[in-house]
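First up is the structure itself, then whatever we jot down about it.
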Amino acid sequence: MLRTGQLWSTDETRTPPAMRTTPRKAPLAHRYEIPRAELRDEGARSVVLGLLAAVAAQLAVKHVADLAMKFGTDEALMTVLWTLLFAIITLEVGLGARERPFVITTADQQQRLDLLKVVVNIPVHNECEIALDRALWSLTRQTRVPDVVHVVDDGSTTSRYEQLSEHWAVEFAALGVDFRWTRTPNQLKRRAQMLTFSQPTDPTDPREEILVTLDSDTALDVAAIEEGLKPFADPGVASVAGFELAYNMYERGLLTMVGAMAQNIWQLGTCAALSTTGRVQVNRGTLAFYRSVVFRDRPQEYLDERWFGRRVEFSDDSRATLTAQRHGRTVQQPSCFQFTLTPVSWQHILRQRVRWMRGSQLRDVSRLRELPWNCYAYWLVYLKWFQFGLASVAVALAAVTVEPTREQLAYVIGMPLLLAYLCALRYLMLRRSDESLGQQLLAVAVAPLVVLRSATVFKLVRLYALITFLKVQTWGTRGGVEVTAGDGAARAGRPSLIGVEPR
């Protein structure tokens, strides 16, 4: 067994050498300003949500009733389709509004958490050195520091990260953290994770291990690990999803803002609704927590998943989450925040989305096979595809409408806008220390662009993913560094956190 502060290599165990004095290849400050995030007051949130939902529902019902009286057969059919679509989304928003962060209320619960051993795995492949440096620094600033941090360099070709491995071995050792760094040939993410998760990090340690997946471009809120562990005070919880926020949300204008809001809407809507039922379908790989049994129960099923005889090399987060559902509830902790780098080019966005959508259709088949039929998550699979079909038919009908009237145009344009804002309103309940109220309102204002992107570009992407459903053996990224943290993100000097003091 390795001692604290040692490094792992594929062929040797060695003590970290002295810090080098050669010039750095990148401005690695090893100290950063990372935003804070929190949920707003629960009472204010409930009042705002209730009022807005009531107004939205009243307007929608009135609008649908007017249309049903004015339009003919084709338009009435479109009215029915849009009404069903609105009803599905309203159900999701209503369930999501019930979500609350798990809080510790008894000494027994806290004692149960104190006995857990936190093991963090960070797979790395051609990552920006500043982003990785920032991710590691954020781990050292946690209110609950992990017990083990294992970085797996999965065959990177852009850097060997010598400066990072040497520096952080010393820093983590000073904190009493068992820090490990492994370099392997490129074997992709699942095998990189299982280097850490396949067996106990110390067989002589009787503590239960909580296995944490952390992306190499993700910086943690100072209380992320502490908050993410809280649901495990309930023995029935098997996995916890953190809440992902875009670190570079405003970096590239609408491109990154729309991408970030799409993720926020999904987490505040679909994921929140599923969390209230204990059936979150996908834990974000950016930060997720699992009981050790999830990865150690049938490990070969995770490593060697097959789709029409081909080994699956993506959709790892959803596979792990579905496995967790065998062992208990899968929930989201909306007070566990992490800041990740969202794609900054259409090329990266499209590659990522194709991979996600191929994984989604694969995983939907798995859910229908493995989930009990009497749970919301099971029927959500059908609802999702039904919604996809409804939207496609509605758009097709709208496209062939001859000489649309003013009322028809208002309906075709107005209903998606109403749905978009209904889904985006919950974002006003979040507070980021690096985001002004004006920026937050602007982010909500772009919600219709999220819907437009989904209804046009991403609909074509989903069709492409359906046609090419057998291409599951390649990851799709990353030949080189795709998103950089930027020189301005690194700040030397005394480490500080913006906005809110650590809890």
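Can you find, within segment 465-481, the residue that is modelled with the lowest pLDDT among those that are exposed (fewer than 14 other Cβ atoms within 10 Å of the Cβ) and outside any loop (DSSP other than H, G, I, E, B)? The qualifying residue modelled with the lowest pLDDT is LEU466. With respect to (1) surrounded by fewer than 21 Cβ atoms within 10 Å (Cβ to Cβ); (2) under 18 Å from ALA219 (Cα atoms); (3) aliphatic (A, V, I, L, M), the lone exception for ALA173 is condition (2). Applying the set (1) in a loop (DSSP other than H, G, I, E, B); (2) open to solvent by 50 Å² or more (accessible area, probe 1.4 Å); (3) in contact (Cβ under 8 Å) with a residue 40 or more places away in the chain to VAL145 leaves exactly one unmet item: (2).
In segment 232-241, the qualifying residues are those that are of a type in the set (Gly, Ala, Ser) and over 14 Å from the mean Cα position of the chain (by Cα), and the one that is most open to solvent (accessible area, probe 1.4 Å) is GLY236. Filtered by the rule that a residue be over 19 Å from the mean Cα position of the chain (by Cα) and farther than 22 Å from PHE337 by Cβ, segment 115-140 gives LEU115, LYS117, ASN126, GLU129.
Which residue, of SER159, SER165, is part of a helix (DSSP H, G or I) and either among the hydroxyl-bearing types (Ser, Thr, Tyr) or out of contact with any helix residue (DSSP H, G or I) (no Cβ under 8 Å at 6 or more places or on another chain) (or both)? Exactly one residue qualifies, and that residue is SER165. Looking across segment 216-249, the residues that are assigned to a loop (DSSP other than H, G, I, E, B) and of a type in the set (Ser, Thr, Tyr) come down to SER216, THR218, TYR247.
Check whether at least one residue in segment 116-127 is assigned to a helix (DSSP H, G or I) and not aromatic (Phe, Trp, Tyr), and report yes or no.
Within segment 116-127, the subset assigned to a helix (DSSP H, G or I) is none.
No; the residues of segment 116-127 include none that is assigned to a helix (DSSP H, G or I) and not aromatic (Phe, Trp, Tyr).
Among the residues in segment 195-203, are any crowded, with 20+ Cβ neighbours inside 10 Å, touching a residue at least 12 places away in the same chain (Cβ under 8 Å), at negative phi and β-branched (Val, Ile, Thr)? Yes - at least one qualifying residue is present in segment 195-203.
Here is a yes/no grid of residues against (1) touching a Ser or Thr at 6+ places or on another chain (Cβ under 9 Å); (2) touching a residue at least 12 places away in the same chain (Cβ under 8 Å); (3) farther than 22 Å from SER433 by Cβ; (4) open to solvent by less than 10 Å² (accessible area, probe 1.4 Å):
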position	(1), (2), (3), (4)
GLU226	yes, yes, no, no
LYS230	yes, yes, no, no
PHE243	yes, yes, no, yes
GLY253	no, no, no, no
TRP266	no, no, yes, no
TYR302	yes, yes, yes, no
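ILE210: of a type in the set (Val, Ile, Thr), more than 21 Å from ILE34 (Cα to Cα) and modelled with pLDDT under 95, yes or no?
Taking the combined requirement at face value, the residue does not satisfy it.
Here VAL331, VAL354 are screened, and the one residue that is of a type in the set (A, V, I, L, M) and either more than 21 Å from PHE314 (Cβ to Cβ) or outside any helix (DSSP H, G or I) (or both) is VAL331.
ARG351 falls short on exactly one of the conditions (1) surrounded by fewer than 21 Cβ atoms within 10 Å (Cβ to Cβ); (2) modelled with pLDDT of 85 or more; (3) farther than 22 Å from ASP154 by Cβ, and that condition is (3). Restricting LEU322, LEU380, LEU390 to residues that are on the phi < 0 side of the Ramachandran plot, at pLDDT 85 or above and part of a helix (DSSP H, G or I) narrows the list to LEU322.
Residues are listed down the side, and each one gets a yes or a no for (1) under 26 Å from GLU92 (Cβ atoms); (2) touching a Cys at 6+ places or on another chain (Cβ under 7 Å); (3) of a type in the set (Asp, Glu):
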{"position": "ASP234", "(1), (2), (3)": "yes, no, yes"}
{"position": "VAL258", "(1), (2), (3)": "yes, no, no"}
{"position": "ILE265", "(1), (2), (3)": "yes, yes, no"}
{"position": "ARG279", "(1), (2), (3)": "yes, yes, no"}
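With in contact with a strand residue (DSSP E or B) (Cβ under 9 Å, 6 or more places away or on another chain), of a type in the set (A, V, I, L, M) and surrounded by 23 or more Cβ atoms within 10 Å (Cβ to Cβ) as the only criterion, which of VAL103, VAL124 stands out? Sole residue among the options that is in contact with a strand residue (DSSP E or B) (Cβ under 9 Å, 6 or more places away or on another chain), of a type in the set (A, V, I, L, M) and surrounded by 23 or more Cβ atoms within 10 Å (Cβ to Cβ): VAL124. Annotation: VAL344 fulfils all but one of (1) open to solvent by less than 50 Å² (accessible area, probe 1.4 Å); (2) at pLDDT below 85; the unmet one is (2).
Considering only residues that are of a type in the set (A, V, I, L, M, F, W, C) and not in a helix (DSSP H, G or I), look in segment 290-319 and name the one that is nearest to GLU244 (Cα to Cα). Step by step, filter segment 290-319, then rank; the result is PHE314.
Apart from one condition, THR213 fits all of (1) of a type in the set (Ser, Thr, Tyr); (2) surrounded by 24 or more Cβ atoms within 10 Å (Cβ to Cβ); (3) assigned to a helix (DSSP H, G or I); the exception is (3).
On the stretch given as segment 176-190, residues that are among the basic types (Lys, Arg), in contact with a strand residue (DSSP E or B) (Cβ under 8 Å, 6 or more places away or on another chain) and open to solvent by less than 40 Å² (accessible area, probe 1.4 Å) total 2.
Within segment 90-100, the set of residues being within 19 Å of the chain's Cα centre (by Cα) and surrounded by fewer than 18 Cβ atoms within 10 Å (Cβ to Cβ) comprises just one member, ARG100.
The values are calculated or read from the model by the stated rules, or taken from the named source; none is laboratory data. Because the structure is predicted, anything quoted here is derived from the model rather than measured. Backbone-built Cβ (ideal geometry, glycine too); neighbour counts: all protein chains shown. Quick note on the areas: whole protein, heavy atoms, side chains included, nothing else; ligands and nucleic acids left out. Shrake-Rupley method; radii C 1.70, N 1.55, O 1.52, S 1.80 Å.
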